[in-house]
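The values are calculated or read from the model by the stated rules, or taken from the named source; none is laboratory data. Owing to the predicted nature of the structure, the values given are computational and were not obtained by experimental measurement. Cβ atoms come from the backbone with ideal geometry, glycine included; neighbour counts cover every protein chain shown.
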Amino acid sequence: MSLLMPFLLPIATSLLSVFLKGRLLTGINLFSSFALLVLAMQLLFEVVLSGPQSLMFGDWPAPYGIEFYGDGLSAIMIMLISLVSAVVMVFMAHWQRTADKSAYFALMQCLVASAIAVSLAADLFNLYVWFELMLIAVLGLMVLGKGHQQTEAALKYFAVSMVGTLIMLAAIGMIHGAVGHLNFSALAEIAASEESGHHLSLYGGMLLLALLLKIGAFPLFAWLPASYHALPAPLLALVGGLLTKISVYVLMRISGQVLDYQLYHEAIGWLAVITMLSGVLGAAYHWDLRRILSFHIVSQVGFLLLGVALATPAGMTGTAFFLFHNILVKANLFLIAGLIWMTAGHYDLRKIGGLYPARPLLSVIFLLSALSLVGVPPTSGFWGKLLIIMETLTQEKYLWAAAALITGMLTLYSMSKIWLEGFWKPHPDQLVSLAIPKSSYLVMLIMSLVILMMGLMPGPLIDLLQQQQWQAGGAL
Amino acid sequence: MSLILIVVISICVSSGILLLLSREVFRMIMGLAVLGTAANLVVFTGGRPGSLVPAVIEQGSQALMTDAASPLPQALVLTAIVIGFALLCFALILAAAVVNQQDSSDVASYRENEPSASAKAQSDKPMVMEIES
């Protein structure tokens, strides 16, 4: 039951939101988000205290029934999804014009529910269905803006993601046709066995292609900076913070079984290197805040792929830590971008400035998140990067480590560009200074506090991740 | 049976990709629809269509016989068809809206979201964000 509730609550709220409006709508949505946070915490405690949980629908035995499976990794993932969604709901309560509010909230809850279901799903077809639901929710959120930019972004996002999901569907069909199972644990057994394991390698490669497209890896990332920025800033925190990271999470789950071949690890590693560098160079080139942050998503995802490519328990621990850190920091940075827009009147760095004297608290929060993204000790980003790079050096992949360090330096460059242009130099025109609701500051402070804690006390989280049963470089 | 399906799937994939690469937005979406059909057929083929051995697990045995027809892919395909159909309808309406707004059905002309970095921003106020006072 504790596995099902974190999924049922947002989906029920989503359906309910369609019929509500005004204060009741925001009230119920905020209440539901905080209740979700409590449920996620409860699940995390249960998993930590009594080990992984499993739920078989309709009591069908293991490889045949549809299974939800929650271990430490998915429990923390759900915890972070509900934290980010609660923060974004608080922001949205004061943000969007009233007309479409119920649609916004309904789609946001739907997105949260499907993201949670993806973290819990334990078979490939279930995974595909929740991925589709996520796609539908994001498309809905994009077109609600109704402008030229929004519809165009939605069309591009749709076309590319659709190709990805179709490849995924075909791969899943082939895997089922070849081995007769879709359940993760059954696939793990088959991959380990000699006679039918090799079937999985080819179809697994197809699945990898689909996931890389959704993750935004090197040649397939152009859709990301072309579509994300059409969303309003708080939603960008939800979508940009979560979507690509969830695909990485899925890759971590399956990489141990379906993709456990040296060739794939090498390929993912080199793709990761190019993804990191091209993402951060794109960020260095652009001036629009949202575009800079979107390109940073690409570069950070490259870093995560590097961790996946290492395919050892140590590498996976580092990847998971970096994944959790990244979801929080990225969401916080997008929220800050929203507040910068409200204060300075524009997203273009050339047209804004003077934020430091006007909003000292916002500046401090930005500085913390930016330094964390760069990976300056003792922030949370530092530990994630340290764990991954140390493992890279252990495996003697010196070129990969060098690329990771260069990426860190370039990240520092583009973050200091935001700092110098947005916060330090005087505003070229004049500040707009729309009133910022106090609740927005409060939730952002809470997020920053969590990021700070992750940086100052990484021990408990790393311990928890090391206890995770990483099988041959993957979860499960 | 499988041979016919394989031929049909390869025709679907090749024509789907051809349509997908078109610059005309509706053709592109039709390409996605045809590719979707191909993906569905791939899943369907996994159920050993044409087999006359019934999908019954004999007493004492744990798995289906190796050449028996499997009904599960048909259930999977049904789900995939429903999702694909909904998405196709949405995509057609979306494409119509884009063509209306941009006065062009050439996807290469949709450049608003990917301007060069040095280009000036078109409007001073982004459109989406009207804040409640």
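Against the definition (more than 8 Å from chain B (Cβ to nearest Cβ), part of a helix (DSSP H, G or I) and over 25 Å from residue B:107 (Cα atoms)), how does residue A:199 come out, yes or no? Explain how you work it out, then say what you get.
Values: more than 8 Å from chain B (Cβ to nearest Cβ): yes; part of a helix (DSSP H, G or I): yes; over 25 Å from residue B:107 (Cα atoms): yes.
The answer is yes for residue A:199.
Looking at (1) farther than 14 Å from residue B:77 by Cα; (2) touching a residue at least 12 places away in the same chain (Cβ under 8 Å); (3) not in a helix (DSSP H, G or I), which is the one condition that is false for residue B:22?
Condition not satisfied by residue B:22: (2).
Checking the condition farther than 18 Å from residue A:237 by Cα and touching a strand residue (DSSP E or B) at 6+ places or on another chain (Cβ under 9 Å), which residue from A:73, A:120, A:49 passes? If you could, list the steps in order and put the result at the bottom.
On the way: A:73 fails: touching a strand residue (DSSP E or B) at 6+ places or on another chain (Cβ under 9 Å); A:49 fails: touching a strand residue (DSSP E or B) at 6+ places or on another chain (Cβ under 9 Å).
Result: A:120 is the single residue among A:73, A:120, A:49 that is farther than 18 Å from residue A:237 by Cα and touching a strand residue (DSSP E or B) at 6+ places or on another chain (Cβ under 9 Å).
Has segment A:165-176 got at least one residue that is farther than 20 Å from residue A:69 by Cβ and of a type in the set (S, T, N, Q)? Write out each step before concluding.
Filtering segment A:165-176 for residues farther than 20 Å from residue A:69 by Cβ gives A:165-167, A:169-171, A:173-174.
Keeping just the survivors that are of a type in the set (S, T, N, Q) gives A:165.
Within segment A:165-176, one or more residues are farther than 20 Å from residue A:69 by Cβ and of a type in the set (S, T, N, Q).
Hand me the list of helices (runs of 4 or more DSSP H) wholly inside segment A:376-476 holding 1 or more residues that are among the small types (Gly, Ala, Ser) and farther than 27 Å from residue A:339 by Cβ.
Details: elements: A:380-394, A:398-418, A:438-456, A:459-467.
Passing ranges, in order: A:398-418, A:459-467.
For segment A:366-382, which residues satisfy the criterion of being surrounded by 23 or more Cβ atoms within 10 Å (Cβ to Cβ) and of a type outside the set (Gly, Ala, Ser)? Talk me through it step by step, then tell me what you get.
From segment A:366-382, those surrounded by 23 or more Cβ atoms within 10 Å (Cβ to Cβ) are A:366, A:369-370, A:372-373, A:375, A:379-381; that's our starting set.
Of everything in segment A:366-382, those that are surrounded by 23 or more Cβ atoms within 10 Å (Cβ to Cβ) and of a type outside the set (Gly, Ala, Ser) turn out to be A:366, A:373, A:379.
Quick grid of which residues meet (1) within 29 Å of residue A:378 (Cβ to Cβ); (2) at pLDDT 90 or above:
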| site | (1), (2) |
| --- | --- |
| A:221 | no, no |
| A:249 | yes, yes |
| A:294 | yes, yes |
| A:311 | yes, no |
| A:315 | yes, no |
| A:327 | yes, yes |
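From (1) surrounded by fewer than 23 Cβ atoms within 10 Å (Cβ to Cβ); (2) more than 21 Å from residue A:341 (Cα to Cα); (3) without any contact (Cβ under 8 Å) to a residue 60 or more places away in the chain, pick out the condition that doesn't hold for residue A:210.
With (1) surrounded by fewer than 23 Cβ atoms within 10 Å (Cβ to Cβ); (2) more than 21 Å from residue A:341 (Cα to Cα); (3) without any contact (Cβ under 8 Å) to a residue 60 or more places away in the chain applied to residue A:210, the lone miss is (1).
Would you pick out the residues in segment A:113-135 that are aliphatic (A, V, I, L, M) and at the interface with chain B (Cβ under 7 Å from one of its Cβ atoms)?
First, the residues of segment A:113-135 that are aliphatic (A, V, I, L, M): A:113, A:115-118, A:120-122, A:124, A:127, A:129, A:133-135.
A:129 - this is the single residue of segment A:113-135 that is aliphatic (A, V, I, L, M) and at the interface with chain B (Cβ under 7 Å from one of its Cβ atoms).
Residues in segment A:255-275 that are charged (D, E, K, R) and assigned to a helix (DSSP H, G or I): how many? Spell out the reasoning first.
Narrowing segment A:255-275 to residues charged (D, E, K, R): A:260, A:266.
The next check asks that each one be assigned to a helix (DSSP H, G or I); those that pass are A:266.
Result for segment A:255-275: 1.
If you take the residues of segment A:140-167 that are more than 8 Å from chain B (Cβ to nearest Cβ) and either among the acidic types (Asp, Glu) or within 19 Å of the chain's Cα centre (by Cα) (or both), which of them is farthest from residue B:14 (Cα to Cα)?
A:141
Taking the condition of being over 25 Å from the mean Cα position of the chain (by Cα) and either free of Cβ contacts under 8 Å to residues at least 40 places away in the same chain or within 25 Å of residue A:106 (Cβ to Cβ) (or both), how many residues in segment A:29-63 meet it? Spell out how you get there, then give the answer.
First, pick out the residues of segment A:29-63 that are over 25 Å from the mean Cα position of the chain (by Cα): A:49-50, A:56-63.
Right, trim to either free of Cβ contacts under 8 Å to residues at least 40 places away in the same chain or within 25 Å of residue A:106 (Cβ to Cβ) (or both) and you get A:49-50, A:56-61.
Residues meeting the conditions: 8.
So which residues in segment A:211-220 are within 17 Å of residue A:165 (Cβ to Cβ) and more than 15 Å from the chain's Cα centre (by Cα)? Can you show your working first?
Taking segment A:211-220 as the starting set, the residues that turn out to be within 17 Å of residue A:165 (Cβ to Cβ) are A:211-217, A:220.
Once the filter is applied, which keeps residues that are within 17 Å of residue A:165 (Cβ to Cβ) and more than 15 Å from the chain's Cα centre (by Cα), segment A:211-220 yields only A:220.
Take the residues in segment B:88-106 that are touching a residue at least 24 places away in the same chain (Cβ under 8 Å) and at the interface with another protein chain (Cβ under 7 Å from one of its Cβ atoms), then tell me which one is farthest from residue B:31 (Cα to Cα). Break it down into steps so the answer makes sense when it comes.
Our first condition is that a residue be touching a residue at least 24 places away in the same chain (Cβ under 8 Å); within segment B:88-106, this holds for B:88, B:91-92, B:95, B:98-99, B:105-106.
With at the interface with another protein chain (Cβ under 7 Å from one of its Cβ atoms) added as a condition, the list becomes B:91, B:95, B:98.
Working: B:91: 12, B:95: 13, B:98: 18 Å.
Across segment B:88-106, the extreme among qualifying residues is B:98.
How many residues does segment A:329-357 hold that are in a helix (DSSP H, G or I) and either of a type in the set (Val, Ile, Thr) or touching a Phe, Trp or Tyr at 6+ places or on another chain (Cβ under 8 Å) (or both)?
Narrowing segment A:329-357 to residues in a helix (DSSP H, G or I): A:329-344, A:349-351, A:355-357.
Pick out the ones that are also either of a type in the set (Val, Ile, Thr) or touching a Phe, Trp or Tyr at 6+ places or on another chain (Cβ under 8 Å) (or both) and you get A:329, A:333, A:335-338, A:340-341, A:343, A:349-350, A:355-356.
The qualifying residues number 13.
Which residues, taken from segment B:33-81, are part of a helix (DSSP H, G or I) and either of a type in the set (Lys, Arg) or more than 11 Å from chain A (Cβ to nearest Cβ) (or both)?
As a first pass, look at segment B:33-81 and keep what is part of a helix (DSSP H, G or I): B:33-45, B:72-81.
B:74, B:78, listed by residue number.
Residue A:260 passes all but one of (1) within 23 Å of the chain's Cα centre (by Cα); (2) buried (at least 21 other Cβ atoms within 10 Å of the Cβ); which number fails?
For residue A:260, the failing item is (1).
Return yes or no: is residue A:158 touching a residue at least 40 places away in the same chain (Cβ under 8 Å) and of a type in the set (Phe, Trp, Tyr)?
Details: touching a residue at least 40 places away in the same chain (Cβ under 8 Å): no; of a type in the set (Phe, Trp, Tyr): yes.
No, not satisfied.
Return only the number of the condition from (1) at pLDDT 90 or above; (2) buried (at least 22 other Cβ atoms within 10 Å of the Cβ); (3) over 18 Å from residue A:319 (Cα atoms) that residue A:404 does not satisfy.
(3)
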